[in-house]
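The values are calculated or read from the model by the stated rules, or taken from the named source; none is laboratory data. Everything numeric here is computed off the predicted structure, so don't read it as measured data. Methodologically, a virtual Cβ is constructed for each residue, glycine included, from the backbone with ideal geometry; neighbour enumeration extends over all protein chains shown.
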Amino acid sequence: DTAVSQTPKYLVTQMGNDKSIKCEQNLGHDTMYWYKQDSKKFLKIMFSYNNKELIINETVPNRFSPKSPDKAHLNLHINSLELGDSAVYFCASSGQGSDTQYFGPGTRLTVL
Amino acid sequence: KQEVTQIPAALSVPEGENLVLNCSFTDSAIYNLQWFRQDPGKGLTSLLLIQSSQREQTSGRLNASLDKSSGRSTLYIAASQPGDSATYLCAAIPYSGAGSYQLTFGKGTKLSVIP
C-alpha cells in the first residue's frame, strides 16, 4: 500500500495553462505539505495544511493554491504556468506536529 | 531565518568504509532534525528523526547525532555498501511560533559507494 501518492508522475504543459497535481495519503495523518525541488535539487516548503490552518511560505506566488477536499487529500492548483515553475513537486504528510514526514514520489512538471 | 548547510556536496568512498555526513544549522531553536535519503528520480525516504531533547538515534548501520549548542548534526554510516549510494538530505523543523512544522532542508550530500 502506497502511503503518500501523487498523480500525475509527469506533467508537460504550455506556458499560461492551469494545471493541478493530486496528492493522497492513507496514513490517517493530520497535516499535509507541498514542497518544490528546483533544478539544483534544492527542496523548499511551499505550504503546510491541517484541518485548522493553511500556512503559506512567503515566497510562493499566489498563482499556486492548495485545496483540500478532505483530510486525506491536498491538491495543488497552479494558474498561468510560467517557465520557472518547472520543477519536481513533492507532497508529504505527518501525524502529530513535528513527527516524521512521509513523502510522495514526486511530480515532475515541465513548462514549455 | 533557519539555514541548513551540508558538507560535502558529494562524496565517493570504497565499499566497506565507515563514513560521516555533516549538517549544520544556524538557529538552535528547532523541534527536531531529520535525515532523509533520496534515490534518483524518486521521493524521499525518512532515515532517522532526532527530537530536540535527544542526542542521537540509531537504525541498523546508521547513527545520527545532534548537538544543538553547536548547530550540528552528523550521520554516520557503518560498513558502507553500493546500495547506500544516494543523496542524503538533512532537514530541521524550526520553531516558528505559528504552529507550523515545515522542514528546512540542506542541499544534500550525494554519496557514491564504489564496489
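Out of the strands (runs of 3 or more DSSP E) lying entirely within region A:1-79, which hold 2 or more residues that are out of contact with any helix residue (DSSP H, G or I) (no Cβ under 9 Å at 6 or more places or on another chain) and β-branched (Val, Ile, Thr)?
On the way: elements: A:4-7, A:10-13, A:19-25, A:31-37, A:43-49, A:54-56, A:64-67, A:75-78.
Because the criterion is at least 2 residues that are out of contact with any helix residue (DSSP H, G or I) (no Cβ under 9 Å at 6 or more places or on another chain) and β-branched (Val, Ile, Thr), the strands (runs of 3 or more DSSP E) in region A:1-79 that meet it are A:4-7, A:10-13, A:54-56.
Quick one: in region A:93-112, which of the residues that are assigned to a strand (DSSP E or B) and modelled with pLDDT of 95 or more is farthest from the other protein chains (Cβ to nearest Cβ)? Talk me through it step by step, then tell me what you get.
At the first step, the residues of region A:93-112 found to be assigned to a strand (DSSP E or B) are A:93-94, A:102-103, A:107-111.
Right, trim to modelled with pLDDT of 95 or more and you get A:107-111.
Working: A:Thr107: 10, A:Arg108: 8, A:Leu109: 14, A:Thr110: 14, A:Val111: 19 Å.
Taking the candidates together, the pick is A:Val111.
Kindly list the number of the only condition in (1) at pLDDT 95 or above; (2) of a type in the set (Lys, Arg); (3) under 19 Å from B:Lys107 (Cα atoms) that fails for A:Lys22.
Condition (3) is where A:Lys22 drops out.
Residues of region A:10-33 being within 12 Å of chain B (Cβ to nearest Cβ) and surrounded by 14 or more Cβ atoms within 10 Å (Cβ to Cβ), which ones?
A:Cys23, A:His29, A:Asp30, A:Thr31, A:Met32, A:Tyr33
Out of the residues in region A:45-77 meeting the condition of being more than 15 Å from A:Asp30 (Cα to Cα) and within 12 Å of chain B (Cβ to nearest Cβ), tell me which one is surrounded by the fewest Cβ atoms within 10 Å (Cβ to Cβ).
Selected residue: A:Glu58.
Is at least one residue of region B:28-38 of a type outside the set (Lys, Arg), closer than 20 Å to A:Asp38 by Cβ, within 11 Å of chain A (Cβ to nearest Cβ) and in a loop (DSSP other than H, G, I, E, B)?
Within region B:28-38, none of the residues are of a type outside the set (Lys, Arg), closer than 20 Å to A:Asp38 by Cβ, within 11 Å of chain A (Cβ to nearest Cβ) and in a loop (DSSP other than H, G, I, E, B).
Give B:Ser69, B:Ser65, B:Ser53 a once-over and let me know the one that is touching a residue at least 12 places away in the same chain (Cβ under 8 Å), surrounded by fewer than 21 Cβ atoms within 10 Å (Cβ to Cβ) and out of contact with any Asp or Glu (no Cβ under 7 Å at 6 or more places or on another chain). Quick ask: steps written out before the conclusion?
Values: B:Ser65 fails: out of contact with any Asp or Glu (no Cβ under 7 Å at 6 or more places or on another chain); B:Ser53 fails: touching a residue at least 12 places away in the same chain (Cβ under 8 Å).
One residue alone meets the criteria, B:Ser69.
Which of the residues spanning region B:7-32 are touching a residue at least 60 places away in the same chain (Cβ under 8 Å) and closer than 10 Å to B:Ala92 by Cβ?
B:Cys23, B:Phe25, B:Asp27, B:Ala29, B:Ile30, B:Tyr31, B:Asn32
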